[in-house]
Every structure is written in C-alpha cells, then in structure tokens.
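Visitor: Just dropping this structure here.
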Amino acid sequence: MDDAPPRQSADHQSKQTWLNERLTENRSVLSAAQRASFVWSWVRFLTFVMMPIGAYAAVSEDYLVGGLLIGVGLVGFLIAVRLHTCVRQRLQLATLTEIVLEESATRLAGGVDILISGERPKAARESITQFLIKSDDKSQTFPLSAQEIVDIDVFGAPLSLFGMLNRTSTPLGARSLAEALERPLAERVSIEARQAAVQWLADHPWERIRLTAAAAGMRALHKECDDFCGTVAGFDPLPQRGKMRAAQLWGAVASIGLAIVIYRLFDGSIRQWEWIAALMAVAVNVSILRHFRSDVLPRIRPWLSLDDVVGAFAFFVNNAVDALPADGPLVRQRNAFVAANDPAVLPALQRVMPFAFLGLAGLMHTIVNYLTLWDVHVALGLDRAVAQQRPRLRDAFVAVGELELRASLAAYAWETPGATFPSVEPDDASLVVDIREGRHPLIPAGEAVSNSVQLGAPISTYIITGSNMSGKSTFLRMTACNMVLAQIGSAIPAQSMRLKPLRLMTDLRIRDDLARHESYFLAEVRQVKRMVEATARHEPILALVDEPFRGTNSAERVAAAVAVVRSLTRGGGLHMVATHDEALTALADDRQVANFHFAESIDSAALVFDYRIHEGPSQTRNALRVLEMEGYPQKLIEEANEMARRLIGEQER
C-alpha cells in the first residue's frame, strides 16, 4: 500500500479509517482476480483443445497445420497454466485477506467476542511434540497451575484470554499461544525479545494482515496439518537408498526398452526375442518392487491425503518470505521460511507429490508400476524432499507457531484502544507491579473502569475491602490478567505498566473436588498453602486471594486469614487480599501493608458503584440493603438489621 499504515500507538479513529480503505481496495483486487481467473481458465481450455485437433489434422496428413496447432496449443497451454496459477494465488490471498480484514474491523469496533476459538487446543501427538522441541530454547518460565488457569479465564467460552488473543490458523500457532499463556516468561530478556517482534508486527499492520491471511488457508486443515508434521517427523531416510538409486536407473532404461517393444507390437514388427526380453524386464521389475515394498509403500501412503495442506503451507511460507524483513526481531522466523522455500525443500515436495497419485489406482497403477518402477521413483523423490530436509521443515513448522503467536499478540495490541507495552525491570531489581489506569482485558473498553496498582517497596500487600458487587474481584482479575499478558510479551489495556517478572498464584474461584475427595474448605487451604510456602522461600510471587477461607465459620476464618496475611508479609513476594473481614484491615502498618477499598452510594433507592479503588478501609456495608432492594419481606429486613447492629456492637466491644 502506498500510504503508511497507522502504527500501534496511533489513535483509534485513524486505524478504523485505514482499515476501511484497505477493505475497499481489497474488494477491487478480489473482483479483478475473479475476472482474470475466469479468462485464464478459458484460455487453458482452448489451448488444450488445440492439441487434439492438431493431432487429428496430422493423422489426416495435414502435417503443417497439425504440427502448428499442436505446437501453439502446447506452448499456449503451458503459459496459460503458469499465469492462471499466479492469478489463482492472487485470488486466494485476496479472499483470505477479506476474512482477516473483517475480523480486525470487528475488534476495532470494540468487540471482545471470540473470533476463532477460546477452547484449549488439543495436545499434539507425542511424536510431533518431540520433533518440534527446540534444543536452543532456554527461556525460563513461571508456569500457571490449574487454579490460575481457571481463576483468570485463560481458556473457555464465551470469553477467555486465549479466545480474545487467538487469531491463529494452524494447530502449531494455537498450541504456541496456549503454551505462552500457560507458561509466562520469567526473564526480562525473553519478554523484551518477544515484545520487539510483536511491536514490529503491530507497527506494520498490512504485513501482519497479509501473513494472517496467508495462514488462514489452513484453518480447515488442522488434522491434515498435524498429519503433515507427524509424517515428516516419522519420515526416516531410506535404508537402501544406494540400491534404490541403482534400481531407479534400471527402471529408466527398462521403461525406454518397454516403450520400444510396445511401439513395435502395434507396428506389427515385434520379434520373439524382444518378447522374451520384455517379459524378463517386467519380471525383474516385479522382483525389485517386492524387495523394496516394505520401504516404499509406508513412505508413500501418508502423502495421499496431504496434497491440500502441503500446498497451503507452501503458500504461507512463500508469502511470509515476502512480507517479513530481512533483519530485525523476526529474522529467525524469516530465515526458517527462506530455507524451507529453497527449491530442494517445499517446491521439490510439491513437484513430487502429484506423482504419488496421478489418478492411477488398482489395475492401472499396478501395470504402470511394473513397467516403470513408479513407486521407487516417487519414494526417492520424497526421500530427497523430506528425509534429507527434515531439519529445514522442522524449523519452518516451529517458525509458523512462533509467528502466529506473535501476530495474534500484535493484532490485539493494534486493535485495542489505549494498549501499551509494559516496561520490564531488570532481573536483579526489586519486586514491583505498577499498573496505571489498567482495564480488565475481557471487558469492552467502553464498559471497563480503569484502576491503578502500585505494589512494591515499601508496600508489598494490599488489603482490599468493600461491599458486595463493588469491584474487588474484578480488580484482582484485572491485575492477574495484565500480569500474564505482560509476561508473554503482549501489550496491555493500560496507560502504563512497570513490572518485575513474578510467578502468579491465585485463590479466586475455589471449588470443591469430589473426585479428589476435597471439600471447598480443604481445596482452598491447599491453594493458600502454596503461597505461604513460596513466600517462606522468598520466591518472587504475586499472590491474589479473594475472601480467604470463606468455607469455614466466622471466628476461625478471621483467625486463619489474619495469620496467613502476617505470614505472607513476613516472607517474600507481593500480595493482594480482598475481604469483608474488618479484622484484616487492622494489619495495615503503612510500611508493608496498606488498606484500600471499593465504595458505593445510594441514589434513588438504588446502589451506585463507581468501581474505583480508594485508599483506606471500607466504611460501608450493603448486604442487607441488597436484600431490601430485591423485595425481601420488611419484617425479615428489620430482624436482620437488628441482629447486625447487635453483632457489630459485640465485635467492637
């Protein structure tokens, strides 16, 4: 595109204008490509028809006209096929680009609905997992437990972090994104390296859109994509390659001889010894095929269902080579695609695959195979393109996953109003989580209320009080979600953020587990124990607890919660505890522990929340007020208020 696209930091309106212009232009390209494809399909048909007409003319002894028609038809057909292929690729890219542009327009309009999938992707087969492991990846991570994954909605529907970010088209990309969310990075250098790649893609939206569109051709080919990876992973070099090459040479010579015999058969001049020689050649071919059968057939059969995915994969790789810069944060991925695009790798595989099945089946395939050693030729071609190129293909598979992960994060950064990339403190810096005007990423920008967090020396612990529905739980989840996003290299919906990488531990949605014979209370005790043990070891953690020990009676709940908070503050890490128990507010000492609260007001007999965090402990309660607003009997409300006054008085004494 001639005009410079708006960068990630540009205002939202300019992005919408630019995107609408690209939609209009792409529709023009799409219409032109459709017309050109129609024209070239007819040119192919007409030039093809010229060849049999020329053959008929030649048989009718009009050799000059016949030869001319055959020659012009053949040359014209080959040119038409080549140009039509180029037009069809242009048509395919324009069609897929339309899809990606419309998805981006949906997100720019403020939606956070899942566009592709929010469910955790299926695990890859063990052979694929082992094949794709990168020996040079030494990045340290802080894995999330099953508790954190549930607490902050990493996966699932109707909304989840994975679903919000997911713009991947392959199982390779989906698993890379899922793994990134489940295993946030623990080191500054790793986070900043990924940030740089995401930032480049966010600042170059047209290149990112083109890459995402090129990959979109594989959205309906997830099984085939896994089969492709698995087939390459299991495609060992031919054990008898030297003997098979000798057999291939024999097959080429024998094929010429058999062709001569067949010609002489129709000519009526065949001799007896030629019959015998032909039969002996076929017998030798049969013996060769039987000898190599166990090596050849298992290597050919898997490719019979992979033609579409190999073509889609090659289409993506070719576009990625053109779209990515020759240097910068994405150079490793581009180099992997350049290597896979070498004539000896994907182009060679595409050339040999049609020969694995040319419409030949059953008896016809058997005849051709016995005459030419067809399967031997195909097996050797696959061996050259796959077995001898497995490292290049493996690197390309890994690069697809890495690039789709980064493109998904870049799409989120570019499409989210006010998104910013966090600043990461050095690994030896003090613990800090400083979010200014941060929003919950799963709440639309127009509905979310922003809040700030400033955890770090001297304050390591927030005690957050407030009435029901005032925003305490959402505040905790906002902090947790943005920490995870920051540590996977993503932008976050905030004015700014500064952090030291931390291990996230949460106790926000404890549930009983009958299968493990765990009650609600026992499950919570075990989750909180992780935090206490981690702080005792002075591990760098961010512990978030919502209503500690709410599964037991009031007196013991308060005692346990107070003891836990004291233990946490004596150890390491940063902590946030949301509670209704006023006893916890007494722990504030203005040195390590600070009180904050969410408040509400009453307007026209209704509760009004501002969902903003305020300093100090809460001074209001609204549980009985909610009962009254929902129409509970007046006598019940009066009895409850009287009991509440008596209990509060006893507590104050």
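Every read-out reported here was derived from the displayed coordinates using simple, explicitly stated rules and does not represent laboratory data. A quick note: this is a predicted structure, and the numbers were derived from the prediction, not measured. Don't worry about glycine lacking a Cβ; one is built from the backbone with ideal geometry, like all the others, and counts go over all protein chains shown.
Visitor: Rounded, prolate or oblate, given the Cα gyration tensor of the range 420-621, with a/c below 1.5 counting as rounded?
Guide: Taking the square roots of the gyration eigenvalues as a ≥ b ≥ c, the range 420-621 is rounded.
Visitor: Sort Thr416, Thr95 by Cβ crowding within 10 Å, fewest neighbours at the top.
Guide: By the 10 Å Cβ count, ascending, the order reads Thr95, Thr416.
Visitor: Using just the helices of the chain, give the 222 nm mean residue ellipticity in deg cm²/dmol: DSSP H runs with n ≥ 4 each add -39,500 (n - 2.57), and the total is spread over all residues, rounded to 500.
Guide: After summing the helix terms and dividing by residue count, I get -19500 deg cm²/dmol.
Visitor: List, in the order given, every pair from Lys15/Lys500; Lys500/Lys529; Lys472/Lys529 whose Cα-Cα distance in the structure shown is over 27 Å.
Guide: Long pairs (Cα-Cα over 27 Å): Lys15/Lys500.
Visitor: Let me ask something additional. Assigning unit charges at the beta carbon (Lys, Arg +1; Asp, Glu -1) and nothing else, what dipole magnitude in debye, to the nearest 20, does the range 116-415 show about its Cα centre?
Guide: 1020
Visitor: Using the Cα centre of the chain as origin and beta-carbon charges of +1 (Lys, Arg) and -1 (Asp, Glu), tell me which of Val309, Pro540, Trp200 is placed farthest towards the positive end of the dipole.
Guide: Val309
Visitor: Continuing with the same structure: Just flag the trypsin sites (Lys or Arg not before Pro) in the range 158-212 sitting in loop per DSSP whose Cβ has no more than 11 other Cβ atoms within 10 Å.
Guide: Qualifying residues, ordered by number: none.
Visitor: Given axes a ≥ b ≥ c from the Cα gyration tensor, I'd like to know whether the chain is rounded (a/c under 1.5), prolate (a/b larger than b/c) or oblate.
Guide: The shape class here is prolate.
Visitor: A further question on this structure: Please work out the Cα center distance from the range 406-468 to the range 65-88, rounded to the nearest Å.
Guide: Here the answer is 61 Å between Cα centres.
Visitor: Still on this structure: Filter the GluC sites (Glu not before Pro) in the range 1-103 to those in DSSP coil with at most 14 other Cβ atoms within 10 Å of their Cβ, and list the result.
Guide: The qualifying sites are Glu61.
Visitor: Toward the positive end of the charge dipole of the chain, about the Cα centre and with charges on Cβ (Lys, Arg +1; Asp, Glu -1), which of Leu485, Val626, Phe521 goes farthest?
Guide: Positive-most Cα among the choices belongs to Leu485.
Visitor: In nm, to one decimal, how far is the modelled label at Arg219 from the one at Glu638, with both set 7 Å along Cα→Cβ?
Guide: 6.3
Visitor: Based on the alpha-carbon gyration tensor of the range 114-187 and its eigenvalue square roots a ≥ b ≥ c, which shape applies: rounded if a/c is under 1.5, prolate if not and a/b is larger than b/c, or oblate?
Guide: Here the range 114-187 falls in the oblate category.
Visitor: Could you check the simple spin-label distance between Val72 and Arg509, using points 7 Å along Cα→Cβ, in nm with one decimal?
Guide: In this crude label model, Val72 to Arg509 measures out at 7.1 nm.
Visitor: For the peptides 379-387, 64-72, what is the packing order when you average, over each peptide's residues, the other Cβ atoms within 10 Å and list the highest mean first?
Guide: 379-387, 64-72
Visitor: If you place +1 on the Cβ of every Lys and Arg, -1 on the Cβ of every Asp and Glu, and leave all else neutral, what size is the dipole of the range 112-190 about its Cα centre, to the nearest 20 Debye?
Guide: For this selection, approximately 280 debye.
Visitor: Any idea what the relative contact order of the range 30-109 is, in percent, if you count C-alpha pairs under 8 Å spaced at least 6 apart?
Guide: This gives 36 percent for the range 30-109.
Visitor: Based on DSSP, what percent of beta bridges with both residues in the chain are antiparallel, to the nearest 5?
Guide: Rounded to the nearest five, the antiparallel share is 50 percent.
Visitor: Loop-only check: which chymotrypsin sites (Phe, Trp or Tyr not before Pro) in the range 92-172 are DSSP coil with at most 12 other Cβ within 10 angstrom?
Guide: Those that pass, being in a loop and sparsely packed, number zero.
Visitor: I would also like to ask the following. List Cys86, Cys481 from most exposed to least, where exposure is judged by having the fewest other Cβ atoms within 10 Å.
Guide: Cys86, Cys481
Visitor: Among Ala94, Gly242, Ala640, pick out the residue whose Cα is farthest towards the positive end of the charge dipole of the chain, where Lys and Arg carry +1 and Asp and Glu carry -1 on C-beta, about the Cα centre.
Guide: Toward the positive end, the furthest listed residue is Gly242.
Visitor: Report the extension gain between Asn335 and Arg550 in nm, rounded to one decimal, defined as 0.36 nm multiplied by the number of residues separating them, less their alpha carbon distance.
Guide: Fully extending the segment from Asn335 to Arg550 adds 71.9 nm.
Visitor: Something else: For the chain, what is the relative contact order in percent, using Cα pairs closer than 8 Å and at least 6 residues apart in sequence?
Guide: 14
Visitor: What FRET efficiency, computed as 1/(1 + (r/R0)^6) with R0 = 56 Å and r the Cβ-Cβ distance, is obtained for Ala536 and Arg351, rounded to the nearest 0.05?
Guide: Efficiency at R0 = 56 Å is approximately 0.35.
Visitor: At a Cα cut-off below 24 Å, give the lysines reachable from Lys122, other chains included and same-chain residues fewer than 8 away excluded.
Guide: Lys134, Lys223
Visitor: So if I place +1 on the C-beta of Lys and Arg and -1 on the C-beta of Asp and Glu, and nothing else carries charge, what would the dipole magnitude of the range 278-428 be about its Cα centre? I want it in debye, nearest 20.
Guide: 940
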